[in-house]
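Participant: Input: one structure, supplied below.
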Amino acid sequence: MTLLAIEALQRIRSGGLTLGFGVHQLRGAAVPLLAKAAGYDWLFIDSEHGAISTQEISQLCLAALPTGIAPLVRVCRGAIDEGTRALDNGALGIVVPHVDTADEARGLVEAFRFHPMGHRSTGGPSAQFAFRPPAALEMQRTLNTELLLIPMIETPQAVENAESIAAVEGIDVLLIGTNDLSLEMGIAGQVGHERVQDAYRQVGEACRRHNKVFAMGGVYDKEWASRYIGMGVRMVLAGSDHGLLLEAATSRAKYLRGLAGAEGS
């Protein structure tokens, strides 16, 4: 049985630009359909900052898989149980915030990869195979190969250790959390600051040397998104549901109110 949404995983790994739709407020089965219709490749289901339950994560993952959208779940730092449950119930990748060292990255591999790479327990319902998985050994080998494991680089320490983090076997993507990184640097919100640019250069070079995908979150203005994509970022969290909704709704309201004002004049 073929892994569902594997084409999205292959696009992410191929080095082409892929876009993520952040899920923070929305919960319904229409979310992945809307994301796909809008041209996105993966969901970023946020259980670190979003008030989302295991059941809701599972339902979003199950809804995403048949659409070809890859459901990725961000768990809280140290929340191994949240991550393994998400993987057991349809997630195609786990994002972990504030990974600062190679030892911490190796701990993620231990927790979220099956033997021989790690020690993740088996026995989940294999939703990624539409509940008709291949034999156990093949299933585990496929999931070890295809599922994405994504540490977030969010501190100066993590930037300095990017080379050794990227070198860890079983890590697929390094994702800069630009907002938290700038906060930790004492320059909160300054996503184009020279120190942030230097961090992007350093992490990008580590990704290139170790054949890891370079990813970005927290940069939504055109200028800096363009510059960092030019530095090699290929996996982009393009925005979250509430922000995208507010942007579109505000623009529409402004336009319509402007028509009424034009009539009055």
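Participant: Go through the stretch 38-47 residue by residue and turn each phi into a ³J(HN,Hα) via Karplus (6.51, -1.76, 1.60, θ = phi - 60°); whole Hz please, and just put x for glycine and proline.
Facilitator: My calculation for the stretch 38-47 gives 7, x, 8, 10, 8, 9, 10, 7, 9, 9 Hz in order.
Participant: Residues with amide H under 5 Å of residue 96's amide H, sequence separation 5 or more or different chain, H placed in the peptide plane at 1.01 Å from N; which?
Facilitator: 150, 152
Participant: Mind checking the dipole of the chain: about its Cα centre, +1 per Lys or Arg Cβ, -1 per Asp or Glu Cβ, Debye to the nearest 20? It would help to have the intermediate numbers written out before the result.
Facilitator: Numbers: 23 positive and 29 negative charges, 151 e Å.
Computed charge dipole of the chain: roughly 720 debye.
Participant: Amide H to amide H under 5 Å from residue 43: which residues, 5+ apart in sequence or cross-chain, H placed 1.01 Å off N in plane?
Facilitator: Residues meeting the amide H criterion: 21, 70, 72.
Participant: With a 10 Å Cβ neighbour count serving as the proxy for reagent exposure, in which order, fewest first, do 220, 228 appear? All intermediate terms of the calculation are to be shown ahead of the outcome.
Facilitator: Numbers: 220 17, 228 23.
Fewest-to-most ranking of 220, 228: 220, 228.
Participant: Any chance you could check the Cα centroid distance between the stretch 223-260 and the stretch 26-40 for me, in angstrom?
Facilitator: One Cα centre to the other: 16 Å.
Participant: Let me ask something additional. Arranged from highest to lowest average of other beta-carbon atoms within 10 Å per residue, in what order do the peptides 64-77, 127-140, 8-21 appear? Display every interim value, and only then the final one.
Facilitator: Details: 64-77: 23.6, 127-140: 14.9, 8-21: 18.5.
For the peptides 64-77, 127-140, 8-21, the packing ranking is 64-77, 8-21, 127-140.
Participant: Enumerate the amide H contacts of residue 18 below 5 Å, restricted to partners 5 or more residues apart or on another chain; note that Pro and chain-start residues carry no placed amide H.
Facilitator: Those qualifying (amide H under 5 Å, at least 5 residues apart or on another chain) are 235, 236.
Participant: With Rg and Dmax of the Cα atoms in Å defined as stated, name the option among (1) 19.0, 73; (2) 17.9, 57; (3) 19.0, 66 computed from the structure displayed.
Facilitator: Computed from the coordinates, Rg and Dmax of the Cα atoms in Å corresponds to (1).
Participant: Using the basic label-point model (7 angstrom from Cα toward the beta carbon), what is the residue 157 to residue 141 distance in nanometres?
Facilitator: 3.9 nm
Participant: Using +1 on the beta carbon of Lys and Arg, -1 on that of Asp and Glu, and nothing else charged, what's the dipole of the stretch 153-265 about the Cα centre, debye to 20? Walk me through the numbers on the way to the answer.
Facilitator: Numbers: 11 positive and 15 negative charges, 89 e Å.
Computed about the Cα centre, the dipole is about 420 debye.
Participant: Also, I was wondering about something else. In debye, nearest 20: dipole of the stretch 96-154 around its Cα centre with unit charges on the Cβ of K, R (+) and D, E (-)?
Facilitator: Details: 5 positive and 7 negative charges, 76 e Å.
About 360 debye.
Participant: In the chain, if the dipole is taken from +1 on Lys/Arg beta carbons and -1 on Asp/Glu beta carbons about the Cα centre, which of 242, 84, 15 is farthest to the positive end?
Facilitator: 15
Participant: Which residues in the stretch 52-67 place their backbone N less than 20 Å from a point set 7 Å from the Cα of residue 19 along the Cα-to-Cβ direction?
Facilitator: 64-65, 67
Participant: Looking only at the chain, where both bridge partners belong to it, what percent of the DSSP beta bridges are antiparallel (to the nearest 5)? Don't skip to the end; give the middle numbers.
Facilitator: Details: 0 of 30 bridges.
The antiparallel fraction comes to roughly 0 percent.
Where a number appears in this text, it was derived from the coordinates with a stated rule and is not lab data. For clarity, every value in this text was computed on a predicted model and none was experimentally measured. Ideal geometry is used to build each Cβ from the backbone, glycine not excepted, and the neighbour counts take in all protein chains shown.
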